[in-house]
Amino acid sequence: MKDVVILAIESSCDETACAIVRNGHEILSSKVASQIDVHTKYGGVVPEVASRIHVENISIVIKEALVESSLTMDDIDAIAVTVGPGLIGSLHIGVLAAKTLALTYHKPLVPVQHITGHIYANAFVDELKFPLLALVVSGGHTELVIMKEDYSFEEIGTTQDDAIGEAYDKVGRVLELPYPGGPKIDKLAKEGKPVYQLPRVHTDNPLNFSFSGLKSAVMQSIKRCERNGEVLNVADMCTSFQEAALNHLWSRVEEALANYDVRQLVLAGGVAANSRLREICIERMKKHPDVSYIIPPLAYCTDNAAMIGASGYRAYLKGITADLDVEADASLELV
Ligand code: KG4
Ligand code: ZN
């Protein structure tokens, strides 16, 4: 089969990214312009600021990705772009850039749903095996997704309130750690002990998640310490929160594995970069020798465009393309 080279663009949150991916698994180049330093000053992503920086960076990352791959637009078969979900102003910039390239160079435009990108980041590690269970854990999503076959997605569990990454970031804020709290909590948790009692969270549907109670419990513990004149041990609180959050998360994975016949489990999204979650996955999957698993490389856990190229490749093979009137959709569902 002829090679398929996809130029992919991602701008759904605070990373402006462009990548060139061959045949869905070979990364010829991947450029990510992160805005984290700017948003850290505000303690979180400021949508207006994010959009403005995307405008400044988008053409630069596209140019750099082309240069690094040593290709020209003539070598590109299709333009893939994240159309949602995400911040609407941020999404618009990537979508507009992708439409402009598609129009100027007469290339097909492939719309990609962001979460599918996170899942297909695993295709850089190994071939995906179906039926597959994906644990999607990011700043905006906590989902269990079943893929019966390539490019088919069925959500079987979701969060009832906060996403897990959001919970990490909110707990980070109350512990006065710099934004984003996730990686900082991961690091500090290695030095602490799980001494603070946090509640076990219940959900009516055993495949759903809930993290807001845990976040409130952390806040209450902090207040209790203040009232009693005790000094909070931040590392111990990080360990306590992380163990509670990840045990809750993994109990849902076990529930899904018990109820669905799958050949493979994949981790996806920014929180898949968490070192303790990666450890738990390796450890607990020993109990499931019939289910293989993939943990994506660190650089492809958080937002990037290579994963959009990997997903866009499958969409392109399926003939999924969009007209130039396609719009960014902030709450685009997984279908
Ligand atoms: O996938 P991502 O880049 O953006 C979304 O699509 O949301 O994920 C970002 C999220 C943030 O909440 C961040 O705190 C979290 O992933 N994160 C982590 C770690 N690295 C990133 N959370 C826990 N441990 C980490 N090592
Ligand atoms: Zn993401």
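The values are calculated or read from the model by the stated rules, or taken from the named source; none is laboratory data. Fair warning: this is a prediction, and the values are worked out from it, not measured in the lab. A quick note on method: Cβ atoms are made from the backbone with ideal geometry, for glycine too, and the neighbour counts reach across all protein chains shown. Side chains included, ligands, DNA and RNA excluded: accessible areas come from the protein's heavy atoms. Shrake-Rupley method; radii C 1.70, N 1.55, O 1.52, S 1.80 Å.
Which of the following residues is within 30 Å of K223 (Cα to Cα) and among the acidic types (D, E): E243, E279, E327, E255? Let's see the steps before the verdict.
Numbers: E279 fails: within 30 Å of K223 (Cα to Cα); E327 fails: within 30 Å of K223 (Cα to Cα); E255 fails: within 30 Å of K223 (Cα to Cα).
That would be E243, the only listed residue that is within 30 Å of K223 (Cα to Cα) and among the acidic types (D, E).
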- Identify all residues within the range 123-153 that are among the acidic types (D, E) and under 17 Å from the mean Cα position of the chain (by Cα); write none if there are none. E143
- Query: L298 passes all but one of (1) within 11 Å of ligand 1 (Cβ to nearest atom); (2) surrounded by 14 or more Cβ atoms within 10 Å (Cβ to Cβ); which number fails?
  - Reply: (2)
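Inspect all residues belonging to the range 127-145 and state whether any of them is without any contact (Cβ under 8 Å) to a residue 40 or more places away in the chain and touching a helix residue (DSSP H, G or I) at 6+ places or on another chain (Cβ under 8 Å).
If we filter the range 127-145 for residues that are without any contact (Cβ under 8 Å) to a residue 40 or more places away in the chain, which is where we start, we get 127.
Then drop every residue that is not touching a helix residue (DSSP H, G or I) at 6+ places or on another chain (Cβ under 8 Å), which leaves none.
No, there is no match, as no residue in the range 127-145 is without any contact (Cβ under 8 Å) to a residue 40 or more places away in the chain and touching a helix residue (DSSP H, G or I) at 6+ places or on another chain (Cβ under 8 Å).
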- Query: Of everything in the range 226-238 that's more than 25 Å from the chain's Cα centre (by Cα) and not aliphatic (A, V, I, L, M), which residue is most open to solvent (accessible area, probe 1.4 Å)?
  - Reply: R227
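Within the range 102-130, can you find the residues that are within 19 Å of M307 (Cα to Cα), among the aliphatic types (A, V, I, L, M) and away from ligand 2 (no atom under 15 Å from the Cβ)? Spell out the reasoning first.
So the first thing to find is which residues in the range 102-130 are within 19 Å of M307 (Cα to Cα), and the list is 108-130.
Applying the additional criterion that residues be among the aliphatic types (A, V, I, L, M) yields 109-110, 112, 115, 119, 121, 123, 125, 128.
Result: L109, V110, A123, V125, L128.
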- Message: Quick check on the range 268-282: of everything there that is surrounded by 19 or more Cβ atoms within 10 Å (Cβ to Cβ) and in contact (Cβ under 8 Å) with a residue 40 or more places away in the chain, which residue is nearest to the chain's Cα centre (by Cα)?
- Response: G269
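Residues checked against (1) within 15 Å of ligand 2 (Cβ to nearest atom); (2) surrounded by fewer than 17 Cβ atoms within 10 Å (Cβ to Cβ); (3) farther than 21 Å from T158 by Cβ:
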site	(1), (2), (3)
S240	no, no, yes
H248	no, no, no
R252	no, no, no
Y260	no, yes, no
V266	yes, no, no
K286	no, yes, yes
A310	yes, no, yes
Y313	no, no, yes
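So for the range 211-220 (the condition being in contact (Cβ under 8 Å) with a residue 12 or more places away in the chain and within 28 Å of Y120 (Cα to Cα)), does at least one residue qualify? Lay out the reasoning, then the answer.
Step one: list which residues in the range 211-220 are in contact (Cβ under 8 Å) with a residue 12 or more places away in the chain, which gives 211-215, 217-219.
From the residues that got through so far, the ones that are within 28 Å of Y120 (Cα to Cα) too are 211.
Within the range 211-220 (the criterion being in contact (Cβ under 8 Å) with a residue 12 or more places away in the chain and within 28 Å of Y120 (Cα to Cα)), the answer is yes, since at least one residue qualifies.
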- Task: Tell me which residues, restricted to the range 288-308, are within 13 Å of ligand 2 (Cβ to nearest atom) and among the charged types (D, E, K, R).
- Result: D303
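Being open to solvent by 80 Å² or more (accessible area, probe 1.4 Å) and either more than 19 Å from I146 (Cβ to Cβ) or not in a loop (DSSP other than H, G, I, E, B) (or both) is the filter here, so list the residues in the range 325-335 that pass it. Lay out the reasoning, then the answer.
Keep residues of the range 325-335 that are open to solvent by 80 Å² or more (accessible area, probe 1.4 Å), which gives 325, 327, 331, 333, 335.
If the condition is that a residue be open to solvent by 80 Å² or more (accessible area, probe 1.4 Å) and either more than 19 Å from I146 (Cβ to Cβ) or not in a loop (DSSP other than H, G, I, E, B) (or both), then D325, E327, S331 are the ones that fit.
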- Tell me, which residue of the range 254-281 that is over 20 Å from I115 (Cα atoms) and outside any helix (DSSP H, G or I) is farthest from ligand 1 (Cβ to nearest atom)? D261
- For G319, all conditions in the list (1) buried (at least 22 other Cβ atoms within 10 Å of the Cβ); (2) on the phi > 0 side of the Ramachandran plot hold save one; what is the number of the exception? (1)
